[in-house]
Every structure is written in structure tokens, then in C-alpha cells.
1. Is there a residue being of a type in the set (A, V, I, L, M), more than 16 Å from ligand 2 (Cβ to nearest atom) and in contact with an Asp or Glu (Cβ under 7 Å, 6 or more places away or on another chain) anywhere in region 38-53?
2. Mind checking which residues of region 16-31 are near ligand 1 (Cβ under 8 Å from one of its atoms) and surrounded by fewer than 19 Cβ atoms within 10 Å (Cβ to Cβ)?
3. Name the residues in region 240-274 that are farther than 26 Å from D201 by Cβ and of a type in the set (V, I, T), would you?
4. Does S89 satisfy the condition of being of a type in the set (G, A, S), within 14 Å of ligand 2 (Cβ to nearest atom), touching a residue at least 24 places away in the same chain (Cβ under 8 Å) and in a loop (DSSP other than H, G, I, E, B)?
5. Spot the failing condition for A549; the list is (1) out of contact with any Pro (no Cβ under 7 Å at 6 or more places or on another chain); (2) in contact (Cβ under 8 Å) with a residue 60 or more places away in the chain; (3) closer than 26 Å to G351 by Cα, and only one is missed.
6. Restricting attention to region 1-15, which residues are more than 7 Å from ligand 1 (Cβ to nearest atom), among the aliphatic types (A, V, I, L, M) and either part of a strand (DSSP E or B) or under 23 Å from R92 (Cα atoms) (or both)?
7. In the list R605, R659, which residue meets the criterion of being over 27 Å from A494 (Cβ atoms), assigned to a helix (DSSP H, G or I) and modelled with pLDDT of 85 or more?
Amino acid sequence: MRQEIRLVLAGDPGVGRSSLIMSLIKEHFIDDVQAVVPEITLPSDASPAGVTTKIIDTGSGTAQQERVETEMRRANAIVLVYSVTDQDSFERISSYWLPFMRSLGINVPVVLVGNKIDLRPSEDDDDALEEEIAPLMVEFKELETCIECSAKLSLNVGEVFFYAQKAVLYPTAPLYDSRSHTLKPACVDVLRNIFHLCDTDKDGVLSDEELNNFQFVCFDAPLHLQELEGIKELVAQGQTNSNTLHIRDNGLTLAGFLYLHTLFVQRGRLETTWSILWTFGYGMDLSLSNAYVYPPFEVPPGMAVELSPAGYQFFTEVFKAHDKDHDGALNPHELEQLFITAPGGQHPWNGAGFPNSTVTDEAGAVTLQGWLAQWSMTTLLEPRTTLAYLAYLGYPLFSNAMNISSPSRSTSGTSTPQVSSASPSSYAWFDGTAVGAKPMQDISPSLTTSALKLVRPRRPGDRKRSNAEQCSVFLALVLGAPGSGKSALLRNLAGKSFQPKYAPTHRLQRAVGAIEHDGAEHYLVMQEYGSHNEAEALRNPTNLAHVSAIVFVYDSSDTHSFSYISNLRQQYSYLAHFPSLFVATKSDLDLARQRHEVQPDMYCRKLGLNVPHLGAGPLNVSSRFGEVAELYSLILMIAMDPRGAVPVPGRSLQTVRVRWRTGLLGLMALGGSTLLAFTTWRLLSRGTGGVGLGPWGARASSWMASLWGASSSALRTDL
Ligand SMILES: Nc1nc2c(ncn2[C@@H]2O[C@H](COP(=O)(O)OP(=O)(O)O)[C@@H](O)[C@H]2O)c(=O)[nH]1
Ligand SMILES: [Mg+2]
């Protein structure tokens, strides 16, 4: 945002440049003004948008020529003065001054000022003057405003500088083509986006409520009902073509909205249109400002990003507003409408297989669950993309209107605006009082970040449980030989049907699905790198920063499949630090013995894996028969709580301890069966006469002896 504006006065000698400046600051006329008034600084409260203003006088004559040039080059706007009593000074505007500025390459707005109107005979016709000015305005588009004044009478002097400030702060050129008298295409594009965002129910017209919301968003003030009607009447009157309605269903159409802005510009109310553009995040170049699209949002190391409840609610509302046929899913046309305000009208997932990456209905339309899952995935993997799209979709401005309770909003004390009967003075939209009502720097959409939240994923070895439970979106990386069935697992996760025909995956693919766990919904994202990217991606462990689990997949019917993952694990030893799940696919086909030094089950056991409900693994699945569901909940489980799923590095020690424990357990089990067997024997021996029994332990040992061949009689002898 601009901090300071430089206004430079130029014109022929004696037209009253210096007098104008003195008249402005002294508020009365000074007869013997100095030839060149020193530079004046007006404080920020003396400008419409709170910027300081420097006013620079220039002298005349060849000695001053160089300085005039220098100052003109540094100017943000030029106040070009002539005297209404000096025809020469007027003619020199078009014959000398404007061409001279062009020759210097100066391209700033010019305010043309006719001074000394106190000296003009009152019978002179104002219209005649306008006739002289009009062709100038056509020829020189840099002429922003023309104004007549009198330094002597302090008439219109403040206005001269005010218009010059406005010419800098609210320039016409980016918005309006002064020759064709129409809004420029870039301006139309931006206003169309703003219109779409304001049309929260997406019915193609701005209703009274939507207009009122719009007024609130831009000017922090409600809209007076009568004025609302006034606007609509005005816009309706301006309709020239019966094919393009300005008003439909008692609401403002896009054509009407554009017409209204044309009026603002034509009536010198550029500040209104500019304030609106700024509110919606656009800069002077009519592109969305970086600060608006990417508000500061730090993700500390070890933390991940998810959507906050407000974020989920917003995406839900957006979904509902665009589901025009109310079938609970967004078809391609509805999606196109939804993303119309995004750059290029595009969703952010081009090339990422959307909507195949997420849950759709049979026709391929994205369901609400699929929609939220897709955003959950995007937020985890590319939070900046989510931030940007929140901005494109209007979250910073309309989350409030959509009744989305974002914490920072409610504290601002701004309640959902209603059409009110407030005093007309609060009506800032059309009467120009919006100027200065909302300085540009106050319009900061920092609230976008309220749609996100930081979570701390649980890492293997973390002792505390509490933080980890906040996470609800998890990424699992799927690794395995080409053709081992990775993509089929991804498709299944997104609820897609099994594809019998093999289509190799070369590029990164992702799929996301909602999985219920402990009564709460979680999102599982599965990702495969694709054969062209895998090696490159695995070389850099930081690529796996968000990975919560690795799924090692092999084709149980292909003898060479398992060695692929075993090699991979050997080559990239850091993979061993991730919670891991081994999966044998195609269990519907004949099992093949793997050409590998150990078979998969032994391999898993040797890694010391002990996944709840599974053990060491591998897990057998069949995508073809849809026998996969258990896989996803298992992945989710180890992602949430990696205990038992991370290969144990110091395995030998662990194994010894486990064996020792197993040994004990075995002994106890043996003891149990000993007792059982002994009882059996006692019963048997009873049948053959029987004897009295001593402590069972003693008998146990004797019973073992019987197993090894000692006769019952021998036993009895022992007893
Ligand atoms: N009657 C009248 N005289 C003015 C006005 N403005 C300036 N003058 C007189 O015009 C002469 C030139 O003014 P000055 O400000 O020095 O012109 P500059 O050379 O453009 O800076 C001075 O005698 C001023 O008093 C005005 O609005 N009305
Ligand atoms: Mg002077």
C-alpha cells in the first residue's frame, strides 16, 4: 500500500500555481506569494485513504527547466494549471504541456485546473468552456479531472488537491476505458468474480439480503431499505438492451452489477469501486494480492495442518450452494460453477486424478463426503493451496454471511447483517461517504487462517498420547512392484470399482477415503509415487515428512514381487523407521512361493512387527473380491498409534527377551497340560486298581517319564 503521494504543480508562469498552494495551507489569499513555494507535506488525515501528501511547486523559465522535469518524473499526479483569463496558458496545455509530459514518458494522472475564475466576467458561458475541455479529455486520456477554481477566493482550492489525491489513490485507467466509455475487460473479470462470491445462494442474482451483506462486507454498514430500492430502480432504468436484464427476480443481475460500477466510474465515484476491489483482495493491478491469497501461516516443524470445524463448515456450505440439482453430489458443470472465481476457473487438482481420487457417486459426481475428503487431503499435503482456494471461494468475507462461526470473527462484534432501517447516513455505498470510511490497510483478510488448525501427528516413540488424538487426516505411502496392485487399493479406498485391465501408474496418484474409528470420522490418504517418480522421491526422506505409515505391497501370486519391496527397504534404510504394514494382494489367485531368502511371513516376524488384530503380517487382501476393508482401518490404526508397527531395530535383544517370555509361557502351558494329562492317567490307572496320589508336581515328572516309555507299573513302584 502506498504511504505517500507526490503532487506536482505545473503550468505557465503567472497562472497561480504558488498562489493555489498558499491558498490551500493558509486558507486565504496572499498577494505577494513567493515565486516557488517550498515543498509542503500534508498529514495523513488530510487525505482520503490516510496517506501523507507532498505538494511540490515548480518555477518557470529556463533556469528552472531541469528541476521541473525532475519533479514531474517523480510525481504521482500532476496538477496542470492554466488561467481562465489567459487563453494562451490554456492553449499551451495541449500544445506544450501534455505533449511534453508524454515525451518524457510520464504516465501519471493529470488534474487540469483553470484558475482565477474570480476574474472571469460573469456573463461568460460555462458551457462554452466545457466545449473547449471535452475534446481535450478525449485526446489526452491522462486527464483525469478538470476543475475550475480561484486561489483568490479560496474557491474549489481544497477540491483541486482532493481530486489530485483521488486520481492517485483511485485511478480511472485500470478500470475504465475513457474512449469507449466502458469498463475494461480486466475490471469486468474482477467484478464478475466479486458478483459470484456475493451471490452466496448461487442463483445468479444479488438479492436484498446478499446486497446488504455485500454492503456490510465492504463498508461495515447496513443498507437502507429505501436506498436499496433506489439502486435497483436506477439500475433498471439504465437497461438499454432487453436481452440483458439488469434486474431479475427482484435482484441485481451481473449485467446490472456491472452497469452500477460503470455509473460509479462515470460519476467520479471511483473510490467506491476501488474500495470494493480492495476489500475483495485485489490490488491496483487488479490481481489478487499475495497478502490476501496467502496470509501469514506458519507450520512449525513436526506439526501438520488440518481443516478446522469452521473450514469444514465453509466447504460444506459451498458444496450445498452449488449442488443445484440437490442430488448430494457435484457434477462437472456444478464443479465448474463452483471454481469460476478461482484462477483460470480451475480446481487445484489438475493432473492429480480428481475426481477419481475421492468418493463420487456412480455417475462420477463428487459426493459431500468425497468433497470434504479431497479438501482434507489437500490441506494436509498442501495447506497453501487450501488457503488460496479459501480466498478464491470467498471464505475471508463470506464465512460470516454463511453463519460460519469462526472464533476470530465472533470477537469482532460484527453480527450477521440484516436489512435494516438505519439512517440514510449509514448508507455509504452510493453517496461517496465510503471514502475514508475504510482505509485500505484495515482490510486485512487474516481470518482465512481460522479455517485451518495445527495438529501434531504422533511419531513413533512419542510417549504422550494426548496431542496425537487431535489428528484426523493421515497419509499412507504405498510402495510395491509395478503391477502388484497398489492402484487397485487406492481405487478401492475412494470407493471406485475394481478394474480388471492393468493400466500402469507412472505419475503420483492419491486417493482419500473417510474411515470411521472409535465413532469418529477420519480421513486416510493413500499415495503412490508412480514408476517414473518413485526412485527420485524416495531418495529424499523429507518427501515423506507427512507420511504416517508405509504400506508395503506385493503380489502374492507373483514369485518376484516380494523381493521388490525387500530391496527397496534395503536400499532406503530410513523406511524402517515408519510404521509399516505388509500386504499380500490378489489373494483370490493361486499363492506363489516368493523367490526370496525368507518367505513374507517370516520376514515380517523377523522385523518384530506386531500389529493389533493382525500380528506380524502380511495381511492378505483381494481388491477383485473387494476384500480390503480391513486394510484401511489397520493402516489408520497404525498411523494413529504406531506401537507394534515400527520394525524394531535392536531386534536380537528383543527377540531374546521375547523367547524367554515365550519359554516361561510354554512352561506354564506345559504345567497346565501336565496336570490335565496326569488326571487322565490317574483316571486310567484307577481303572486298573489305582493308588493314592501325592503332590501333583511330583506326579507330573513321573507322568512325563511314562510318556518316554516308563510303564505304569514302574510309576507305581516309584510312588
Ligand atoms: N485574481 C486572481 N489572481 C490570482 C489568483 N491566483 C493567483 N493570482 C495572481 O496571479 C499572479 C501569479 O500568481 P502565482 O501564484 O505567483 O503564479 P505562478 O507563477 O503560477 O506560481 C499573482 O499576482 C497572484 O496574486 C486567483 O485565483 N485570482
Ligand atoms: Mg510560482
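The values are calculated or read from the model by the stated rules, or taken from the named source; none is laboratory data. Since the model is a prediction, treat every value here as computed from it, not as a measurement. All Cβ positions, even for glycine, are placed from backbone atoms using ideal geometry, and neighbour counts span all protein chains on display.
1. Looking only at region 38-53, we keep the residues that are of a type in the set (A, V, I, L, M), and these are 40, 42, 46, 49, 51.
Checking the rest, the ones that are also more than 16 Å from ligand 2 (Cβ to nearest atom) come to 42, 46, 49, 51.
Now narrow it down to the ones that are in contact with an Asp or Glu (Cβ under 7 Å, 6 or more places away or on another chain): 51.
Yes - at least one qualifying residue is present in region 38-53.
2. Matches in region 16-31: F29, I30, D31.
3. Selection gives T240, V265.
4. Details: of a type in the set (G, A, S): yes; within 14 Å of ligand 2 (Cβ to nearest atom): yes; touching a residue at least 24 places away in the same chain (Cβ under 8 Å): yes; in a loop (DSSP other than H, G, I, E, B): no.
In short, no.
5. In the conditions (1) out of contact with any Pro (no Cβ under 7 Å at 6 or more places or on another chain); (2) in contact (Cβ under 8 Å) with a residue 60 or more places away in the chain; (3) closer than 26 Å to G351 by Cα, A549 misses (1) alone.
6. Going residue by residue through region 1-15, those that are more than 7 Å from ligand 1 (Cβ to nearest atom) are 1-10, 12.
Checking which are among the aliphatic types (A, V, I, L, M) leaves us with 1, 5, 7-10.
Correct list: I5, L7, V8, L9, A10.
7. On the way: R659 fails: modelled with pLDDT of 85 or more.
Step by step, each of R605, R659 is checked, and only R605 is over 27 Å from A494 (Cβ atoms), assigned to a helix (DSSP H, G or I) and modelled with pLDDT of 85 or more.
Per-residue answers, yes or no, for (1) closer than 25 Å to S23 by Cα; (2) among the β-branched types (V, I, T); (3) more than 16 Å from ligand 1 (Cβ to nearest atom); (4) not assigned by TED's automatic domain parsing to the domain that holds E271:
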| site | (1), (2), (3), (4) |
| --- | --- |
| T145 | yes, yes, yes, yes |
| L155 | yes, no, no, yes |
| A186 | no, no, yes, no |
| D189 | no, no, yes, no |
| R192 | no, no, yes, no |
| L197 | no, no, yes, no |
| D201 | no, no, yes, no |
| E209 | no, no, yes, no |
